[in-house]
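Notes to accompany the following structure.
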Amino acid sequence: MRHLSFSWQGIVALLLCLLALMSLPLLADGASRPLSDGTASLILIIVAAAALLSFAPQPPAYRATGLFIGAHGAAWMLLSALSGNQATATRAFFLLLFASWLLAWRCVTELSKLQPVTTFGKSTLQLLIPAIFGAWILILWEAITRGAGIPFILLPPPSAIGARIMTSLPILGADVRQTIFKAVLIGYVIGCLSGFVVAVLADRVSFLRRGLLPIGNMVSALPIIGIAPIMVMWFGFDWPSKAAVVIIMTFFPMLVNTVAGLAASGSMERDLMRTYASSDWQTLFKLKLPAAMPFIFNALKINSTLALIGAIVAEFFGTPIVGMGFRISTEIGRMNVDMVWAEIAVAALAGSIFYGIIALTERAVTFWHPSIRGG
């Protein structure tokens, strides 16, 4: 018995299976497509068997594989049972659903114990763990909204949002071009680049550093809803006004972080550069900028999300009949909540890709930094 690997997730999952067995059936009597007793029994067996097998002495990789198959197999069967049976899920259905979720939790715990020796294995594991987390957010969302019959206007299921994305690709593509490839990218590049240049000047000129940083803190606290209408009046309704909002939002985070990074090099290193008779530009490029790189990339990552938020919110205050913010404000007025969620999903995906590109670039540029070398 001392070699068994018990876990509270597995024990609770077994208890939930027992409660579900006493609460059968999985679907209410009014279901248009009733679930057979054999299918319900099979789901119970899958969840209970996966929980029991996870207690057996075995390598974490085998245990994680069994838990993965059991949790996701049961979840797939439960979601399939809801096809044509919306708002008919019973207590037993949700008990088995949460038991499957606990098994997926244990699966992620076991995966976290693995120490791959190859780079491919490490990269795969780093992607697999968050993928399981994200998948179960969607699984629980889908099962609860459809099984409990939550009104579509309050919260549509992910399947409806995905279907709306597939049927609205031309509209979503036009919105992405207007908001991201014009307003966000142009404003992001100008804002970050200008903030970096001013930070280098502020590092050389003390009165700029002392005067700009307090102003930067003040401007960073300005609300977007106050800046956006002014930019629309100044630069018009098209994308330049949204890019101007993005520039304002990204300029000062880059300025503050870069100034702090340029001052991060130690006094001993600066004294060593002086003993080598290095010029100010040599000290900047060979000492200060490398030391400031983690700060600069931190500002780039922060600004990647601020730029997207700023551009979308700015489109609420005047824009041509295209753009992600325009689409959200228009479709919510029409009660087309699935289109609103589709725009949100596309914006989240674009922001994640943007952030990921910057994070990968950071790993390539600052490979020498302890936070990168430590994994």
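Residues that are assigned to a loop (DSSP other than H, G, I, E, B) and within 20 Å of ALA56 (Cα to Cα) were ranked within segment 1-39; the one that is most open to solvent (accessible area, probe 1.4 Å) is ARG2.
Residue check: is ASP238 among the acidic types (Asp, Glu) and either touching a strand residue (DSSP E or B) at 6+ places or on another chain (Cβ under 6 Å) or open to solvent by 30 Å² or more (accessible area, probe 1.4 Å) (or both)?
yes
Considering PHE120, PHE94, PHE55, the condition of being surrounded by fewer than 19 Cβ atoms within 10 Å (Cβ to Cβ) and under 16 Å from LEU15 (Cβ atoms) is satisfied by PHE55 alone. Of the listed requirements (1) of a type outside the set (Asp, Glu); (2) closer than 17 Å to LEU97 by Cβ; (3) surrounded by 21 or more Cβ atoms within 10 Å (Cβ to Cβ), ILE137 misses just one: (3).
Sort out which residues of segment 331-343 are surrounded by fewer than 17 Cβ atoms within 10 Å (Cβ to Cβ) and part of a helix (DSSP H, G or I), and write them in order of number. Answer for segment 331-343, where residues must be surrounded by fewer than 17 Cβ atoms within 10 Å (Cβ to Cβ) and part of a helix (DSSP H, G or I): ILE332, GLY333. Looking only at residues that are closer than 13 Å to PRO253 by Cβ and in contact with a Phe, Trp or Tyr (Cβ under 7 Å, 6 or more places away or on another chain) in segment 215-235, which one is most open to solvent (accessible area, probe 1.4 Å)? Once the filter is applied, the top-ranked residue is SER220. Here is a check on your reading of the model: is VAL189 of a type outside the set (S, T, N, Q), closer than 22 Å to SER265 by Cα, free of Cβ contacts under 8 Å to residues at least 24 places away in the same chain and out of contact with any Cys (no Cβ under 9 Å at 6 or more places or on another chain)? In short, no.
Among residues of segment 100-121 that are farther than 10 Å from ALA61 by Cα, those with a beta-carbon under 7 Å from a residue that is open to solvent by less than 50 Å² (accessible area, probe 1.4 Å) and not in a helix (DSSP H, G or I) at least six positions away or on a different chain give the pairs ARG106/SER7; ARG106/SER54.
Is at least one residue of segment 193-214 closer than 18 Å to ALA307 by Cα, at pLDDT below 90 and either assigned to a helix (DSSP H, G or I) or open to solvent by 30 Å² or more (accessible area, probe 1.4 Å) (or both)?
No - not one qualifying residue is present in segment 193-214.
Can you name the residue in segment 284-330 that is over 29 Å from ASN257 (Cα atoms) and polar (S, T, N, Q) and, of all such residues, is surrounded by the fewest Cβ atoms within 10 Å (Cβ to Cβ)? So, considering only residues that are over 29 Å from ASN257 (Cα atoms) and polar (S, T, N, Q), the one surrounded by the fewest Cβ atoms within 10 Å (Cβ to Cβ) is THR330.
Would it be correct to say that LEU127 is closer than 29 Å to ASN257 by Cβ, modelled with pLDDT under 90 and open to solvent by 70 Å² or more (accessible area, probe 1.4 Å)? Yes; evaluated as a whole, the condition is true for this residue.
Condition check ((1) over 27 Å from LEU169 (Cβ atoms); (2) at pLDDT below 90; (3) in a helix (DSSP H, G or I)) across all residues:
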site	(1), (2), (3)
LYS301	yes, no, yes
ALA307	no, no, yes
PRO320	no, yes, no
ALA364	yes, yes, yes
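With respect to the stated conditions, LEU52 fails to be at pLDDT 95 or above, outside any loop (DSSP other than H, G, I, E, B) and not β-branched (Val, Ile, Thr).
Taking first residues from segment 244-265 that are outside any helix (DSSP H, G or I) and partners that are surrounded by fewer than 24 Cβ atoms within 10 Å (Cβ to Cβ), the Cβ contacts under 7 Å between residues at least 6 apart in sequence or on separate chains come to ALA264/ALA291; ALA264/PHE295; SER265/LEU287; SER265/LYS288; SER265/ALA291.
The values are calculated or read from the model by the stated rules, or taken from the named source; none is laboratory data. Note that the structure is predicted; figures quoted are calculated from it, not measured. Cβ coordinates were reconstructed from backbone atoms using ideal geometry, including for glycine residues, and neighbour counts include every protein chain displayed. Keep in mind that these areas ignore ligands, DNA and RNA; they rest on the heavy atoms of the full protein, side chains included. Shrake-Rupley method; radii C 1.70, N 1.55, O 1.52, S 1.80 Å.
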